[in-house]
Amino acid sequence: MLLSALSQLNYRNLLTPRLELSPGVTAIIGGNAAGKSNLLEAAYLATTGELPGGRIAPVVRLGQSEGFVSARLSHQGGVSTIEVGLTPGKKLLRLDGQPVRALELARVSAAVLLTPEDTALVHGAPSQRRHYLDSLLSRLSLRYAYLHRDYLRVLEQRNALLKQPYAEASLGVWSEKFVELGEEINQLRWRAARRLAELAGASYAEVASDGKQLGVALSHDGQPLAAALAASREEERARGITVVGPHRDDLILTLDGHLLQSYGSRGEARTTALALRVAEYRLLGSKHGEAPLLLIDDFTAELDHYRRDYLLALAAATPQALVAGTEPPPHAAQRLTITGGVINAC
């Protein structure tokens, strides 16, 4: 798929209203705080309807009440226009003029964003790894996206009932629905984790020179959710929250059997994060039958020349990649400079 045009209004510090983009590698060159990351975030938001990492951030420029980003995208099914209206704490998405939810954009569009902050996938909180997995599965499977949405709603209702002393009958009804949705989510996660382990393991072996084997697995021990819920009854009543279920599981990352979260170096974490993103890229490409848009922020950050060459080779092999840095990557088909949010061709 190809992003032919990106438009924006009041998105962070960006001042250029419209950008025409070419196939191949587009270099985005600028100093620190020039707006490179903001431009890639805008492209990611305009093609997926989501902000990186799922975070809610004040993306509308200070002093303005609203903004938008828009993408014109070519894909196997034709040409689509995605519009994302922005107000503080709210998004309004349209696909070819029709209101949609973010999960519905995954039918026509896909993008993968790689940033130096991806090391949080290894050394960050379990919630960041869960978000990575849930976001990826939601883009691969509309069924999973709806399941996960419904699960979170049931979880919220169940937690509310746990805080009420006389709600046993209602709690039982919501617990049954919680188990039903949770078990199906677990099954889909297990299936995806096996494939993710294969692809990420292969990617790690390609990019790393340490000969170590990357392992990717779910923390869930396979115990039926109904049994785990019954065993945690006293604890959840005392705490007023649901203490077991897919919302508590983690993605376990190991190198040669050793837990990366505890023992991995920053270099190993950076390489592992890169391997996970490459696996994401390949899974989305397989789902769509064409490569997703590739967005690479600060391609030189904390990578030795071997890993950097691997990343640039991936960018060169994909139909379209936007690569940001303080220096241009080699063999770019298009070069853009950015200073103070203003973008110019060079």
| message | Take L137 and tell me if it is modelled with pLDDT of 95 or more and not in a helix (DSSP H, G or I). | response | no
| said: Based on this model, can you work out whether L199 counts as part of a helix (DSSP H, G or I), farther than 21 Å from R153 by Cβ, of a type outside the set (S, T, N, Q) and within 27 Å of the chain's Cα centre (by Cα)? | reply: yes
| task | Of all residues in segment 16-40, count the ones that are crowded, with 17+ Cβ neighbours inside 10 Å and either more than 24 Å from the chain's Cα centre (by Cα) or on the phi < 0 side of the Ramachandran plot (or both). | result | 14
| request: Can you work out which of the residues in segment 248-274 that are among the hydrophobic types (A, V, I, L, M, F, W, C) and either in contact with an Asp or Glu (Cβ under 8 Å, 6 or more places away or on another chain) or without any contact (Cβ under 8 Å) to a residue 60 or more places away in the chain (or both) is nearest to H123 (Cα to Cα)? | output: L260
| query | If you scan segment 266-304, which residues turn out to be surrounded by fewer than 22 Cβ atoms within 10 Å (Cβ to Cβ), closer than 26 Å to S141 by Cβ and not aliphatic (A, V, I, L, M)? | reply | R282, G285, S286, K287, H288, G289, E290
| field | Out of R94, R107, sole residue that is free of Cβ contacts under 8 Å to residues at least 40 places away in the same chain, part of a loop (DSSP other than H, G, I, E, B) and not hydroxyl-bearing (S, T, Y) | value | R107
| query | Scanning for something in a loop (DSSP other than H, G, I, E, B) and under 22 Å from A321 (Cα atoms), does segment 115-129 turn up at least one residue? | reply | yes
| Looking at this structure, is T254 modelled with pLDDT of 95 or more, polar (S, T, N, Q), in contact with a Gly (Cβ under 6 Å, 6 or more places away or on another chain) and surrounded by 13 or more Cβ atoms within 10 Å (Cβ to Cβ)? | yes
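Do we have S65 as touching a residue at least 24 places away in the same chain (Cβ under 8 Å) and either surrounded by fewer than 13 Cβ atoms within 10 Å (Cβ to Cβ) or among the small types (G, A, S) (or both) here?
no
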| said: Given (1) over 30 Å from S262 (Cα atoms); (2) surrounded by fewer than 20 Cβ atoms within 10 Å (Cβ to Cβ), identify the lone condition not met by A125. | reply: (1)
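Conditions tested, residue by residue: (1) under 29 Å from L133 (Cα atoms); (2) outside any loop (DSSP other than H, G, I, E, B).
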site	(1), (2)
L3	yes, yes
L19	no, yes
A33	no, no
L62	no, no
L86	yes, yes
P99	yes, yes
| task | Look at L188 and say whether it is in contact (Cβ under 8 Å) with a residue 60 or more places away in the chain, surrounded by fewer than 20 Cβ atoms within 10 Å (Cβ to Cβ) and in a helix (DSSP H, G or I). | result | no
| task | Please enumerate the residues belonging to segment 221-241 that are surrounded by 12 or more Cβ atoms within 10 Å (Cβ to Cβ) and under 19 Å from D134 (Cα atoms). | result | L225
| Limited to segment 291-311, what total is found for residues that are under 23 Å from S74 (Cα atoms) and either out of contact with any Ser or Thr (no Cβ under 9 Å at 6 or more places or on another chain) or among the acidic types (D, E) (or both)? | 1
| Under the condition of being within 21 Å of the chain's Cα centre (by Cα) and buried (at least 19 other Cβ atoms within 10 Å of the Cβ), which residue from segment 319-346 is farthest from T272 (Cα to Cα)? | Q320
| request: Read through the list (1) in contact with a Phe, Trp or Tyr (Cβ under 8 Å, 6 or more places away or on another chain); (2) farther than 30 Å from T272 by Cα; (3) hydrophobic (A, V, I, L, M, F, W, C); (4) modelled with pLDDT of 95 or more, then give the number of the only condition that I82 fails. | output: (1)
| message | On the basis of being closer than 23 Å to A120 by Cβ and of a type in the set (D, E, K, R), does R239 make the cut? | response | no
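The values are calculated or read from the model by the stated rules, or taken from the named source; none is laboratory data. No experiment lies behind these values; they were computed from the predicted model shown. Using ideal geometry, Cβ is built from the backbone for each residue, glycine included, and neighbour counts are taken over all protein chains shown.
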